[in-house]
Amino acid sequence: MNYKISKRAASLAPSLTLAIDSKAKQMKAEGLDVVGFGAGEPDFDTPIHIKDAAIKALNDGFTKYTPSSGIPELRQAVADKFKRDNGLTYKPSQVIVSNGGKHSCYNVILATCEEGDEVIIPSPYWLSYPEMVKLAGATPVILQTSDKTEFKVTPEQLRSAITPKTRLFILNSPSNPTGSLYTRDEIKTLGDICVEKNVLIMSDEIYEKLVYDGAEHVSVASFSPAHYDHTIIVHGLAKAYSMTGWRLGYLAAPEPIAKAIDAIQSHSTSNPTSFAQKGGVAALNGPQDHLAKWLAEYSKRRSYAHERLNKMRGITCVNAKGAFYLFPNISALGLKSADFCSRLLEQEKVAAVPGIAFGADDYMRMSYATSMANIEKGLDRLEKFVQTL
Ligand SMILES: *Cc1c(COP(=O)(O)O)cnc(C)c1O
């Protein structure tokens with residue numbers, strides 16, 4: 001049988017992270033003591049009041065279809081969150097709840113981009129953005145950045161990449177994979193350029209709550225009505241509430257875009273899981289005091305790992321300002337990032353993600369969403385490994 005694969009599907013790059021991940025899992029299953037720095041998710045448990053709300057919903061029989069863009073109560077809770085945290089006014093009809101922030105990103109790209117359109121993506125990028133753009137038939141335009149600018153694009157870079165075909169600029173601050181965070185002024189300037197050139201901004205703000213040392217997260221939508229009109233905010237519950245497996249994300253958009261996404265979602269996935277949505281309401285409306293504890297813990301791990309990495313032969317690392325990743329530069333050690341990470345896994349049983357997966361071969365991504373004991377052990381091993389190169 002000759003299975004014809006669509007051009008859309010065939011154009012996707014296979015995931016390098018999955019190769020490392022499945023190897024690490026296999027080694028663990030064989031009983032080997034693998035230290036995982038690869039995780040893209042918090043190591044904390046979902047707060048109990050959120051679980052209780054979902055369990056109650058299940059027990060109450062809240063197990064049927066809901067409106068496809070989410071229950072009114074949750075769309076209102078999201079609108080309230082934007083008001084409270086960002087000073088932004090959205091009607092519930094401008095809010096779409098989806099099966100994760102990733103799903104929200106895909107919906108936005110599908111609703112706004114098509115063949116012939118260009119989408120500007122700063123690199124290092126979250127690895128799904130370019131593939132989603134390709135799935136929509138549009139063309140990713142990658143803006144290379146490096147640790148010299150703390151992985152931030154300059155206004156000149158953005159300006160010179162914009163063409164009449166540019167449809168969307170993807171902004172992700174704080175960033176996965178680098179942990180970098182744009183300042184208020186930097187975000188405003190990039191937003192100004194998009195407004196001037198009439199380019200939409202997809203602002204992925206899923207790490208909003210995870211910022212360190214008193215730094216502030218600012219949404220690009222908040223600078224003026226024009227910025228608001230040019231911005232679609234993508235967000236979710238996965239990172240700030242440790243709800244990765246719940247599959248709950250959301251977006252807020254100008255009305256016509258929200259309407260288009262509502263139509264797409266109603267014909268593809270329908271509603272996010274009914275009882276998970278009740279958990280989402282409890283997360284957004286309930287106490288937020290778990291966050292201070294998590295942040296203190298992440299911050300301690302980040303400082304420790306950052307200091308140790310910079311003491312290692314051939315490694316330099318800018319400190320992260322948000323999220324839970326460090327993105328050390330390993331280029332002086334003379335290996336491509338994929339070789340580096342697969343040898344690190346084989347020799348020292350440490351799993352990290354090669355930078356090439358994020359469009360940046362001089363680096364690797366280390367997640368510190370794991371215990372301090374694991375971080376110490378993994379960094380001891382990494383130190384030993386770089387001595388052998
Ligand atoms: C984790 C993450 C998301 C969304 O994840 P979901 O699990 O789909 O909610 C979106 N963007 C970035 C950059 C992320 O790291």
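Here are the numbers:
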read-out: Subset of segment 241-260 [in a loop (DSSP other than H, G, I, E, B), more than 9 Å from the ligand (Cβ to nearest atom) and surrounded by fewer than 21 Cβ atoms within 10 Å (Cβ to Cβ)]; value: P254
read-out: Residue match in segment 214-229 (condition: farther than 17 Å from R184 by Cα and more than 16 Å from the ligand (Cβ to nearest atom)); value: yes
read-out: In segment 264-274, the residues that are surrounded by fewer than 21 Cβ atoms within 10 Å (Cβ to Cβ) and under 15 Å from T66 (Cα atoms); value: S266, H267, S268, T269, S270, N271, T273, S274
read-out: Qualifying residue in segment 187-198 (condition: outside the structural domain of A369 (by TED's automatic domain parsing), within 18 Å of the chain's Cα centre (by Cα) and modelled with pLDDT of 95 or more); value: yes
read-out: Any hit, segment 54-63, residues being closer than 30 Å to F327 by Cβ and not assigned by TED's automatic domain parsing to the domain that holds D380; value: no
read-out: Residue check, P72 away from the ligand (no atom under 12 Å from the Cβ), over 20 Å from I162 (Cβ atoms) and outside the structural domain of P354 (by TED's automatic domain parsing); value: yes
read-out: Criterion (free of Cβ contacts under 8 Å to residues at least 40 places away in the same chain and in contact with a strand residue (DSSP E or B) (Cβ under 9 Å, 6 or more places away or on another chain)) met by exactly one of N271, N310; value: N310
read-out: Criterion violated by D52 - all others in (1) assigned to a helix (DSSP H, G or I); (2) farther than 15 Å from L237 by Cβ; (3) within 16 Å of the ligand (Cβ to nearest atom) satisfied; value: (3)
read-out: Qualifying residues in segment 91-110 (those that are more than 11 Å from the ligand (Cβ to nearest atom) and in a helix (DSSP H, G or I)) - the one surrounded by the fewest Cβ atoms within 10 Å (Cβ to Cβ); value: S93
read-out: Unmet requirement for S160, which otherwise passes all of (1) free of Cβ contacts under 8 Å to residues at least 40 places away in the same chain; (2) touching a helix residue (DSSP H, G or I) at 6+ places or on another chain (Cβ under 8 Å); (3) of a type in the set (G, A, S); value: (2)
read-out: Number of the condition not met by R159 [criteria: (1) more than 15 Å from the ligand (Cβ to nearest atom); (2) over 26 Å from A260 (Cβ atoms); (3) outside any helix (DSSP H, G or I)]; value: (3)
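Listed here are the residues, each with its yes/no results for (1) of a type outside the set (A, V, I, L, M, F, W, C); (2) surrounded by fewer than 21 Cβ atoms within 10 Å (Cβ to Cβ); (3) outside the structural domain of L16 (by TED's automatic domain parsing); (4) in a helix (DSSP H, G or I).
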residue: A332; (1), (2), (3), (4): no, yes, no, yes
residue: L335; (1), (2), (3), (4): no, yes, no, no
residue: A338; (1), (2), (3), (4): no, yes, no, yes
residue: L344; (1), (2), (3), (4): no, no, no, yes
residue: D361; (1), (2), (3), (4): yes, yes, no, no
residue: A369; (1), (2), (3), (4): no, no, no, no
residue: E376; (1), (2), (3), (4): yes, yes, no, yes
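The values are calculated or read from the model by the stated rules, or taken from the named source; none is laboratory data. Here the structure is a predicted model, which is why all the values come from computation and not from measurement. Virtual Cβ from ideal backbone geometry, glycine too; neighbours counted across all protein chains shown.
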